[in-house]
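**Q** Let me begin by handing over the structure; questions about it come next.
The values are calculated or read from the model by the stated rules, or taken from the named source; none is laboratory data. Just so it is clear, the model here is predicted, and its values are computed rather than measured. So basically every Cβ, Gly included, is an ideal-geometry build from the backbone, and we count neighbours across all protein chains shown. The protein model used for the area step is the full one, side chains on, heavy atoms only, and it has no ligands, DNA or RNA in it. Shrake-Rupley method; radii C 1.70, N 1.55, O 1.52, S 1.80 Å.
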Amino acid sequence: MTEQAMRPQFMGARVKRVEDPRLLTGQARFLDDIDVPGMLEVAFVRSPYPAARIMGIDTKAAKAAPGVRAVIAFEDCPVVLWQKDAYEVGQPVLAHGEVRYVGEPVVAIVAENRYVAEDAAELVTVHYEPLEPVLDMYRSIAENPRRVHENASNVFFYKKYTTKGFDEAFPAAAHHLQETFRTTRQTAVTLEPRGTAAMPDPASGRMTVYASTQSPHRIRGDLAELLGWPENQIRVIVPEVGGGFGMKANTYPEDVVVVWAAHQLRKPVKWVSDRTESLLTDVHARDDIHEVEVAFEDDGRIIAIKDHLMADGGAYPAYPFSGAVGETSLASRVLPGPYQIPYIETEIHCTYSNKTPLGAYRGVWGPIASFVQEGIVDRVARAVGRDPAEVRRINMIRPDQFPFRNAAGMVYDPGSYGESMEEALGLIGYDTFRTRQTELRKEGIYRGIGISVFVEPTAMASSEAGSVGYESVFIRVEPTGKVTAAFGLGPTGQGHETTMAQLIADQVGVNVEDVVILHGDTDSAPFGGGTGGSRSGPIGGGAALVAGREMRQRLVKLAAHLLEAAEEDIELGNGQAWVAGVPDRAMTIQQLAEIAYTHVKRIPAGMPIGLELVARYQPERSVSFSNGTHVAEVDVDIRTGMVQVLNYVVVNDCGRLINPLIVEGQIYGGVAQGIGSAFLESLRYDEDGQLTTTSLMDYLLPEATDVPRMMTKHLVTPSAGEGGIKGMGEGSLIGAPAALVNAVSDALEPFGVMVNRLPVTAEDIRQWILA
Amino acid sequence: MEITCEVNGQPVTVEVEPHWLLADVLRNQLGLTGLHLGCEYGVCGACTVLMDGEPVRSCLSFASQVAGHQITTVEGLAVDGKLNRVQTAFINHHALQCGFCTPGFLVTGTYLLQQGKLLNREEIREALSGNLCRCTGYQQIVDAVEEAVNQQSANAVECE
């Protein structure tokens with residue numbers, strides 16, 4: 001491993017966030033706070049049908065309404081979000097000839113303000129001829145009742161994989177079981193809805209785009225390509241972003257229309273989604289079916305898994321990637337989880353339907369695959385009559401097996417799989433739980449424990465958010481000795497301004513408050529992939545370490561020259577450089593910086609003027625696996641079907657921690673989303689293809705009273721990458737749903753219940769108990 | 001129509017249309033963009049402000065309804081440029097991530113603080129259950145409010 005700063009003072013410390021003061025006083029600027037004189041606002045006319053031909057659009061009345069500046073249809077703005085090398089179809093930014101999901105944008109109204117725009121949207125008449133919608137995955141695979149896109153098969157992604165030897169091993173095992181696991185559509189629901197604002201820059205004539213996105217350079221590249229403009233004519237600025245969770249990693253139709261309108265009208269234009277639009281049109285996720293067969297031995301050893309994975313990708317591939325492909329293909333490769341299951345066979349069908357496009361939501365494949373994998377283990381345990389923890393021990397990958405190549409060919413770097421489980425079981429008091437459980441059942445209380453041991457692929461060389469496997473940092477020690485560093489990341493609440501400053505401060509030898517982190521402006525930031533796929537910590541943080549180290553080397557060289565000492569004798573810290581053992585022979589970093597910029601004759605020969613550089617970091621490994629164990633303890637009220645989460649333990653291993661305070665915040669938040677995923681959140685379509693959950697009164701998010709106090713513990717198995725850092729943004733949501741529903745299955749063991757769906761509702765539980 | 005009210009301790013007179021929402025007038029006419037619109041129908045709580053000391057949803061109130069009343073927004077919570085107890089506790093406990101919902105929690109938390117009662121964690125969770133947060137899982141928010149409210153109450157008891 002590469003040598004870190006001599007005395008890491010900030011990495012690993014519970015440093016309070018530099019972002020907080022502006023957010024706590026109402027001073028932060030989110031997208032809807034962007035306002036400039038003359039700014040126009042957009043409202044969209046959206047499809048009320050899941051499938052229909054557009055027979056005509058009458059915009060006369062809307063155009064004539066006072067305050068309306070433009071009414072835009074596809075003919076005006078003929079742009080298609082189409083990744084042609086990957087998919088046969090793309091989504092027109094405004095519907096073209098046909099609508100394919102409820103909520104699809106059809107016409108855009110640009111007006112003096114949102115009130116006027118929305119009123120004018122009511123005046124647009126679209127004549128539709130309804131078509132029979134495609135709503136069922138199984139039927140869609142068979143091209144029934146019809147094709148969603150006339151010229152493309154409903155199956156837009158197919159893949160099959162078999163481990164060598166599977167065909168012999170599967171039938172040879174002593175026992176077999178089958179299950180179908182179903183996840184219902186969910187979505188990220190960032191508290192800040194999506195939005196975009198665009199304005200021609202009066203000075204340069206370029207287009208400035210404010211985007212609520214996770215990936216500033218990606219959206220700039222997308223806009224340049226789609227609109228046919230040179231990239232350097234677009235400046236993307238990402239303001240404060242109120243949550244992303246993968247959902248803000250895409251480029252959406254509305255983004256393009258807003259930028260196009262600003263360009264045409266030469267006026268600033270803004271659109272901010274309302275909550276109904278969000279639930280209808282933010283990418284959905286988790287619409288998957290896994291038909292699983294498992295082969296296992298008497299002692300619970302799992303020999304082979306066969307899985308038919310299906311995902312409903314919605315009407316179009318979200319741009320530039322379909323969540324259906326992401327959810328299934330990675331699930332198929334990480335399905336064995338932390339277990340040494342030698343054989344696997346997977347077959348994947350991703351299909352089109354007349355529903356909202358499927359994209360990313362935190363964890364993407366992970367919450368689904370963990371739910372399937374941990375559901376399999378619990379079923380095997382019940383089938384052989386052994387304790388679920390014991391069956392996990394029998395199958396767990398041992399420390400001496402790393403690096404471990406799983407049955408699908410994924411290579412895991414070292415982790416603390418078994419250790420994390422034992423720690424978590426200890427924290428929740430598993431040893432005595434079964435006795436307590438038996439006693440409580442006599443009183444009519446159905447209490448259960450669910451275990452979920454997860455692996456989390458992080459720092460992937462190419463994640464869904466970033467098309468690149470590296471991150472870049474531009475770092476400058478200012479003439480005053482303060483440090484400015486710019487990143488291509490797109491934080492949405494993760495606190496990068498704090499964590500990246502911690503890493504750089506240690507390297508450069510200054511205090512964390514002397515480092516300013518910039519991000520989200522393509523004019524100042526070097527090219528980067530953005531935030532997503534749990535890559536910002538390990539890859540962005542890795543780049544921060546490399547940039548900081550290179551700057552450190554430059555400062556050391558300069559200090560050695562000026563202090564007439566050997567470079568290896570120079571130490572940096574607290575804003576000072578000094579000769580080791582001779583603290584009097586010292587200079588401040590401010591003095592060094594002043595010389596580097598203004599007294600350049602004193603710089604040693606061959607050293608560049610100034611203190612600025614760009615560093616890039618791409619991990620050598622294509623992926624680094626974090627891991628951990630969640631254990632949930634729940635009570636199920638068998639009269640009402642209501643579940644109460646009583647205790648919750650997370651033992652997490654994401655390598656070296658940059659800031660435990662922030663890591664724990666990510667864990668708590670992910671578990672809460674897991675409670676939503678397990679029990680509350682469900683986007684439901686009726687038999688006509690209408691989404692019936694279009695408000696937060698129908699799509700339920702966990703409230704403070706739904707979430708228990710959680711207990712966390714950190715284990716540290718460093719990665720081989722810079723700083724030993726692994727990613728961790730998604731692991732908590734990957735692990736949680738499986739732990740929660742397994743706890744319900746455990747509580748309801750006397751009724752023979754094994755949960756096979758996400759979410760599981762009170763109604764489901766009542767039906768199972770009555771059956 | 002013209003309305004006069006007090007916003008963050010200052011008298012304000014503003015010309016509004018009868019159908020304009022309080023949230024929009026505070027944000028657009030008065031430039032107080034600290035309150036946020038997360039749902040526009042009173043579920044998420046990000047737009048919460050105090051009206052005469054009581055929390056209200058500014059997305060469900062018309063601006064015309066606040067004539068003659070006192071409004072406090074997140075911008076008005078700090079006293080003499082110093083963060084109040086709830087705001088400070090939010091930093092110490094890392095009770096915010098993206099910060100979009102935070103103004104609503106701070107306003108609700110400050111209301112609890114002003115009630116001057118000792119609250120246990122369950123009571124705090126119940127009191128905060130009208131504010132949604134998608135990032136934090138509430139744990140550090142409850143920790144922060146617990147510290148702020150109970151420190152204040154403990155101090156008040158000592159003073160007596």
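**Q** Note every residue of segment A:255-303 with a reduction of at least 30 square angstrom in accessible area, all protein chains present versus the isolated chain, computed with a 1.4 Å probe, or write none.
**A** Buried by the other chains: A:R275.
**Q** Oh, and also: On full extension of the chain, what length is gained from A:E88 through A:E687, given 0.36 nm per residue of separation minus the C-alpha to C-alpha distance?
**A** 212.9 nm
**Q** Could I ask something else about it? 222 nm [θ] for chain B, helices only, -39500 (n - 2.57) per DSSP H run of 4+, per residue, to 500?
**A** Dividing the helical sum by the residues of chain B leaves -10000 deg cm²/dmol.
**Q** Residue by residue, what Karplus-based ³J(HN,Hα) values in Hz, rounded to whole numbers, does segment B:78-89 have, using 6.51, -1.76 and 1.60 with θ = phi - 60° and x for Gly and Pro?
**A** Coupling constants for segment B:78-89: 5, 10, 6, x, 9, 4, 7, 4, 5, 4, 5, 5 Hz.
**Q** Additional query: With the solvent-accessible surface defined on protein heavy atoms using a 1.4 Å probe, which residues belonging to segment A:15-53 display a reduction of at least 40 Å² in accessible area in the multichain context relative to the isolated chain?
**A** The answer is A:K16, A:R17, A:D20, A:L23, A:L24, A:T25, A:G26, A:F30, A:D33 - residues whose exposure falls by at least 40 Å² when every protein chain is included.
**Q** Ok, one more. For chain A, what is the relative contact order in percent, using Cα pairs closer than 8 Å and at least 6 residues apart in sequence?
**A** 16
**Q** Heavy-atom accessible area per residue, segment B:2-76, 1.4 Å probe: how many Å²?
**A** That works out to 41 Å² per residue.
**Q** For segment A:411-428 and segment A:131-178, compute the distance between their C-alpha centroids and round to whole Å.
**A** Segment A:411-428 and segment A:131-178 have Cα centres spaced 34 Å from each other.
**Q** As a quick test, which of the pairs A:K63/A:K84; A:K159/A:K306; A:K16/A:K713; A:K84/A:K306; A:K164/A:K726; A:K84/A:K270 have an alpha carbon distance above 23 angstrom in this structure?
**A** A:K63/A:K84; A:K84/A:K306; A:K164/A:K726; A:K84/A:K270
**Q** Obtain the nm distance between the two label points defined at A:T432 and A:Q644 by a simple spin-label model: each point lies 7 Å from its Cα along the Cα-to-C-beta direction.
**A** For the pair A:T432/A:Q644, the computed spacing is 2.0 nm.
**Q** At a 1.4 Å probe radius, carbon and sulfur cover how many percent of the accessible area of the protein assembly as shown?
**A** 49
**Q** Lysines near A:K601 by alpha-carbon distance under 27 Å, same-chain residues fewer than 8 away left out - which ones?
**A** A:K601 reaches A:K482, A:K557.
**Q** Run the paramagnetic zone check for A:R266: 7 angstrom along Cα to Cβ, then residues of segment A:204-247 with backbone nitrogen under 17 Å.
**A** Hits in segment A:204-247 for A:R266 at 17 Å: A:204-208.
**Q** Using heavy-atom solvent-accessible surface (probe 1.4 Å) with all chains present, what is the largest-first order of A:H217, A:H714? Don't jump to the answer; show the numbers that get you there.
**A** On the way: A:H217 5, A:H714 50 Å².
The ranking, largest first, comes out as A:H714, A:H217.
**Q** Would you check the accessible area of A:D637, probe 1.4 Å, heavy atoms only, in square angstrom rounded to 10?
**A** Counting only protein heavy atoms, the figure is 50 Å².
**Q** Along segment A:358-369, what does the Karplus equation 6.51 cos²θ - 1.76 cosθ + 1.60 (θ = phi - 60°) give for ³J(HN,Hα), rounded to whole Hz, x for Gly and Pro?
**A** The phi angles translate into 8, x, 9, 9, 2, x, 6, 6, x, x, 6, 5 Hz.
**Q** Could you rank A:K557, B:K82 by how accessible they are, 1.4 Å probe, largest area first?
**A** My answer, sorted largest first, is B:K82, A:K557.
**Q** Quick one: 3J(HN,Hα) in Hz for segment A:76-81, Karplus 6.51/-1.76/1.60 with θ = phi - 60°, rounded, Gly and Pro as x.
**A** Here the 3J(HN,Hα) series is 7, 10, x, 10, 10, 7 Hz.
**Q** Still on this model: Given springs between every Cα pair under 10 Å in a Gaussian network model of chain B, which of B:E146, B:E75, B:E15 has the largest fluctuation?
**A** In this elastic network of chain B, the residue with the biggest mean-square fluctuation among B:E146, B:E75, B:E15 is B:E15.
**Q** Net charge around A:S452, counting only other residues with Cβ within less than 13 Å of its Cβ (Lys, Arg = +1; Asp, Glu = -1)?
**A** Around A:S452, the surrounding residues sum to -4.
**Q** If you average the alpha carbon positions of segment A:237-264 and of segment A:739-766, how far apart do those two centres end up, in angstrom?
**A** Computed from Cα coordinates, the inter-centre distance equals 39 Å.
**Q** With the solvent-accessible surface defined on protein heavy atoms using a 1.4 Å probe, which residues belonging to segment B:84-124 display a reduction of at least 30 Å² in accessible area in the multichain context relative to the isolated chain?
**A** So the qualifying set is B:I91, B:N92, B:H94, B:L96, B:Q97, B:C98, B:F100.
**Q** Could I have the simple spin-label model distance between A:K63 and B:Q65, label points 7 Å from Cα toward Cβ, reported in nm to one decimal?
**A** Here the answer is 4.0 nm between the modelled labels.
**Q** Give me the distance between the Cα centres of segment A:601-645 and segment A:464-529, rounded to whole Å.
**A** Each part's Cα centre sits 15 Å from the other's.
**Q** Kindly provide the helix-only [θ] at 222 nm of chain A, computed as the sum of -39,500 (n - 2.57) over DSSP H runs of four or more divided by all residues, to the nearest 500 deg cm²/dmol?
**A** Numbers: 19 runs with 214 residues, N = 771.
After summing the helix terms and dividing by the residues of chain A, the value is -8500 deg cm²/dmol.
**Q** Follow-up. What total accessible area, in Å², is buried where chains B and A meet, using a 1.4 Å probe and rounding to the nearest 100?
**A** 4100
**Q** Tell me, what is the per residue accessible area of segment A:1-141 in Å², probe radius 1.4 Å?
**A** That works out to 47 Å² for each residue.
**Q** A further question on this structure: Skip the ligands, DNA and RNA, and give the accessible area per residue of segment A:256-410 with a 1.4 Å probe, whole Å².
**A** 22
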